[in-house]
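Quick note: the coordinates plus some simple rules give every number you see, no bench work behind them. Computed from a predicted model, the values in this text were never measured in an experiment. Cβ sites come from the backbone with ideal geometry, for glycine too, and all protein chains shown count toward neighbours.
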Amino acid sequence: MSLVLKNLSKSFAGEGKAQVEALSHIDLEVRDGEFVSVLGPSGCGKTTLLRIIAGLDHATGGTIQLDGRLIDGPCPRMAMIFQEYSLYPWRTVIDNIAFGLEMKGMEKQERREKALEFLELVGLVDFAGNYPYELSGGMRQRVAVARALAIDPQILLMDEPFGALDAQTRNMLQRELLEIWEKTRKTVLFVTHSVDEAVFLSDRVVVLTSRPGAIREVVPIDLPRPRERTGAEFASIRRYVLDHVEHSANPSKV
Amino acid sequence: MRYLRFLLPILLVVGWEIASWIINNPFIVPSLTTVIPILMHPLSTEYTLGTGSMVENASISIQRVGLGFLVAAAVAIPLGILMGRSTLLNDFFDSTIELLRPIPPLAWVPLALAWFKIGLTSIVFIIFIGAFFPILLNTIDGVRSVKKTWLEVATTLGAKERQIMAKVVLPGAAPTIWTGLRVGFGIAWMCVVAAEWLPGISKGLGYLILYAYNFGQTNLIIAGMVVIGVIGLLIDFVFKRVERRWFSWRGLER
């Protein structure tokens, strides 16, 4: 039970006839139930990588396999959580969460009951009938998480989901995400540019180089959870990861 | 200054009345005391020179506008959705639409008469032309303004193309389409008055005020104009109320 990326590459048509290589030969295996972060400077192709796995973009080379089966296009066993603007403003919170169930043809009563379970999981039961614009940024991302979980995917793909939030809310949502992860045992592939976030959350951190995005280093984080951000071990791993990120952003300084 | 908005209308009424005393010619400036009785008896046929009551004329005009407006919406909304979704169709239709759009609806009158002869079809055609373009352009605009993330969320949650259309594109574009309908109705209402000046028409508010002119009844012209203005205002008010009720999320997408 795992997600396997083999030799995944992506190039765009750049200016003139030049091909811009966004991703180069990505080999990665994510085990079932694992929390893996993809970390890299902006423009390193980490979002592109996630979009390819979600079936929103196509790779120009290589394959994606989920439990041994090739994946090419959107797959119901994976759900993506975007950075922002992803809730439907004309739907109430509960109807946003029920969206994926509605697409599957589930009856209104049933899908609402199901949605309510996930609303409970993210602690927003009191806001079932509210509209997204009545919610804070952190609450909206909780709803987005609940909406993704509602279709019961095997893998959660998260594209800088807390990137637009203030530091405090961000830390809170990171802790909540870990609780949900421990409860639901989903596999999480989490894209971020924050070293702190990656080290706090993940079992492994995949550091990408920029232009083209290639795997520079895969760092296992063996710290027990809950992790203390101020601890010495946390700081040393953070330093270690940061060095890799900085070198991959400015390879000339190596 | 909550009441400031009422000042100018009051001054205009008083000024008008003073002018009517000074000029003392009811054909140029009829006293409002001769206009108000007409407005006070909208069901009476005694003031309208045998053309039927004010209410009857108004309801005929509303029916004509309603018919032309509905036909325009029924053509413009589907076409606009297709053009907004498909670059191919947009490229195909766009130049023709840009060419036809600047032609004022009234410039179509002679052609309408040549094609449809005198009668309801010609009137409806003129109104159709007036309402069509604002509805079409706003629909295209609304469909294009649907956020990419909204579409991608639906894709990753397993929505089929038809579901995306019905559950994301249409509700996402609805506020802008509604604006198009509102603007289109306003123009249609202007067109009906002029279209009722076509030869062979014998009912409607436009006909009534022109007929009143032929009899030198300026007070009836003024009364007819007031009714035309009030009806336009009321319908616009309804459009705005619906907009506030259904589409209050617009501008608050987060």
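Through the Karplus equation 6.51 cos²θ - 1.76 cosθ + 1.60, θ set to phi - 60°, convert the phi angles of segment B:16-24 into ³J(HN,Hα) values in whole Hz; use x for Gly and Pro.
Along segment B:16-24, the couplings run 4, 5, 4, 4, 5, 5, 5, 6, 6 Hz.
Which value at 222 nm does chain B reach when only helices count, each DSSP H run of 4 or more adding -39,500 (n - 2.57), with the total divided by all residues and rounded to the nearest 500 deg cm²/dmol?
-24000 deg cm²/dmol
Taking amide hydrogens as modeled 1.01 Å from N in the peptide plane, which residues meet the under 5 Å criterion relative to A:R216, leaving out close sequence neighbours?
Amide H neighbours of A:R216, under 5 Å, 5+ apart: A:V207, A:L208, A:T209.
Which entries in the list A:K6/B:K148; B:K147/B:K167; A:K183/B:K148; A:K104/B:K147; A:K6/A:K186; A:K6/B:K167 go over 24 Å, if you measure between the two C-alpha atoms of each?
A:K6/B:K148; A:K183/B:K148; A:K6/B:K167, as the Cα separations exceed 24 Å there.
Using 7 Å Cα-to-Cβ label points, what is the B:L8/A:Q109 separation (nm, one decimal)?
The answer from the label model is 5.8 nm.
Give the separation of the Cα centroids, segment B:179-222 to segment B:109-147, in Å.
After rounding, the separation between the Cα centres reads 18 Å.
Which lysines have a Cα lying under 19 Å from the Cα of B:K240, excluding residues fewer than 8 positions away in the same chain?
Result set, ordered by chain and number: empty.
What number, in nm² with one decimal, is the all-direction average of the projected area of the convex hull of the alpha-carbon atoms of the protein assembly as shown?
33.8
With a Förster radius of 41 Å, plug the Cβ-Cβ distance of B:T45 and B:L100 into 1/(1 + (r/R0)^6) and report the FRET value to the nearest 0.05.
For R0 = 41 Å, the calculated efficiency reads 0.50.
With +1 on each Lys and Arg Cβ and -1 on each Asp and Glu Cβ, how big is the dipole of chain B about its Cα centre, in debye rounded to the nearest 20?
For chain B, the charge dipole is close to 920 debye.
Would you mind getting me the FRET efficiency between B:F92 and A:A235? Use the beta-carbon distance for r and R0 = 56 Å, nearest 0.05.
E(calc), rounded to 0.05, equals 0.35.
Can you give me the relative contact order of chain B as a percent, contacts being Cα pairs under 8 Å and 6 or more apart? Don't skip to the answer; put the middle values down first.
Working: 287 pairs, mean separation 63.5, N = 254.
Once divided by the residue count of chain B, the mean separation gives 25 percent.
How fast does segment B:113-254 diffuse by Stokes-Einstein, in µm²/s, taking the Kirkwood radius from C-alpha pairs at 10 °C and 1.306 mPa s?
89
Any idea how far apart A:R77 and A:T63 come out in nm if each label point goes 7 Å out from Cα toward Cβ?
That separation, rounded to one decimal, is 1.5 nm.
Under a GNM of chain B (C-alpha, springs under 10 Å), which listed residue has the highest mean-square fluctuation: B:I97, B:I129, B:I228?
Its mean-square fluctuation being the largest, the pick is B:I97.
DSSP loop (so not H, G, I, E, B), at most 15 other Cβ within 10 Å: list which chymotrypsin sites (Phe, Trp or Tyr not before Pro) in segment B:1-35 pass both filters.
Here the sparse-neighbourhood loop sites are B:Y3, B:F27.
Using alpha-carbon pairs under 8 Å, 6+ residues apart, how would you state the relative contact order of chain A in percent?
Computed value for chain A: 26 percent relative contact order.
By average Cβ neighbour count within 10 Å, what is the ranking of A:95-103, A:169-177 from highest down?
A:95-103, A:169-177
Evaluate the distance, in nm, between pseudo-label points positioned 7 Å from the Cα of A:A167 and of A:L116 along their respective Cα→Cβ axes.
Going from the A:A167 label point to the A:L116 one covers 4.1 nm.
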